[in-house]
Amino acid sequence: MNKLDTLINEAYRLFSPYQLGTTLAVCTCNCCLLEISAKNLRTVKLRELDKDTIYDYLDAVESASEETIINQIRYLLPRILQFLIEGKEIRHSVELTLDKLHCDNPLWRKDEIQFLQKFAQCYFQQKLNSSDFYHIIEIVVMFDNAKLENTCLDELFHVILKNAHNPKVIDEMLGVIPYGNINCFASDELNAKVAHFIHSDNFKNAFINAILRNVDNPNLTEDEKNFYEVAFDNFSCL
């Protein structure tokens, strides 16, 4: 069992006190939440809910108080996180997957927020190492849209720096450097934080040093050498 599987088990334990409740906190008209999805949410055990049902719920418009939606999300959260680590599509855009969490609401307990921050770091690291490489920024925006604390964002930035040697991470960061807005789903505040991060000395030094170590590899192809040369020039200009 890997670390993320352990965290999923922890999620089922941590959020087990919560129930769905009698009224769904999202719009239940058929154009928002399919009738079969509404039925599944009420009758199927949490661990057995399929991804289409979760997709419908997360994509539906909120129609109740923030307190109600948070309590329902806490009930569903273990299954949501389980589908995330399995790479299942449970929202039309990755960045919006967790936007119903409203983690800035004081209803969330401290241990729940700490768990989510721990999950965010572990999941982010897994994605950077996986073959189904998501765009880094999509995942950063996803957790920021959950309204997790700034310390979580700082930890994700730290994970990026730890993986500065990864060619996929280098390539992704090269795509971020020239633009003021990183993503159409990112808030102005997040755009400003990312801009500050990529223009910091820590960012520049981490990637330049990683590139210099990578080019020492005698087995690099010409394409790889050219890639690192372009990358070095771009990071040096920051």
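Overview of values
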read-out	value
Among residues of segment 13-67, those that are touching an Asp or Glu at 6+ places or on another chain (Cβ under 9 Å) and under 17 Å from Leu96 (Cβ atoms), counted	8
Residue match in segment 24-35 (condition: under 20 Å from Ile8 (Cβ atoms) and of a type outside the set (Ser, Thr, Tyr))	no
Where Cys237 falls short, out of the listed (1) under 24 Å from Leu4 (Cβ atoms); (2) surrounded by fewer than 16 Cβ atoms within 10 Å (Cβ to Cβ)	(1)
Helices (runs of 4 or more DSSP H) completely within segment 123-199 that count 1 or more residues being at pLDDT below 90, buried (at least 20 other Cβ atoms within 10 Å of the Cβ) and not polar (S, T, N, Q)	136-145
Subset of segment 40-77 that is within 18 Å of Trp108 (Cβ to Cβ) and of a type in the set (D, E, K, R) - its residue that is nearest to the chain's Cα centre (by Cα)	Arg74
Residue count, segment 209-220 (criterion: surrounded by fewer than 16 Cβ atoms within 10 Å (Cβ to Cβ) and either in contact with a Leu (Cβ under 9 Å, 6 or more places away or on another chain) or over 22 Å from Leu128 (Cα atoms) (or both))	3
Sole exception among (1) touching an Asp or Glu at 6+ places or on another chain (Cβ under 9 Å); (2) within 30 Å of Asp99 (Cα to Cα) for Asp188, by number	(1)
Matching residues in segment 118-174 - criterion: being of a type in the set (D, E, K, R) and under 23 Å from Leu14 (Cα atoms)	Lys118, Asp144, Lys147, Glu149, Glu155
Contacts under 6 angstrom Cβ, first residue in segment 18-35 being touching a residue at least 40 places away in the same chain (Cβ under 8 Å), partner assigned to a loop (DSSP other than H, G, I, E, B) and hydroxyl-bearing (Ser, Thr, Tyr), 6 or more apart	Val26/Ser63
Residue in segment 73-88 that is of a type in the set (Asp, Glu), under 28 Å from Ser131 (Cα atoms) and modelled with pLDDT under 95 present	yes
Residue list for segment 59-108, filter: touching a residue at least 60 places away in the same chain (Cβ under 8 Å) and among the β-branched types (Val, Ile, Thr)	Ile85
Residue that is farthest from Asn163 (Cα to Cα), among those in segment 205-229 that are in contact with a Phe, Trp or Tyr (Cβ under 6 Å, 6 or more places away or on another chain) and without any contact (Cβ under 8 Å) to a residue 40 or more places away in the chain	Val215
Residue check for Leu116: aliphatic (A, V, I, L, M), in a loop (DSSP other than H, G, I, E, B) and within 20 Å of Leu76 (Cα to Cα)	no
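The values are calculated or read from the model by the stated rules, or taken from the named source; none is laboratory data. Small disclaimer: the values here were computed from a predicted structure and weren't measured. Using ideal geometry, Cβ is built from the backbone for each residue, glycine included, and neighbour counts are taken over all protein chains shown.
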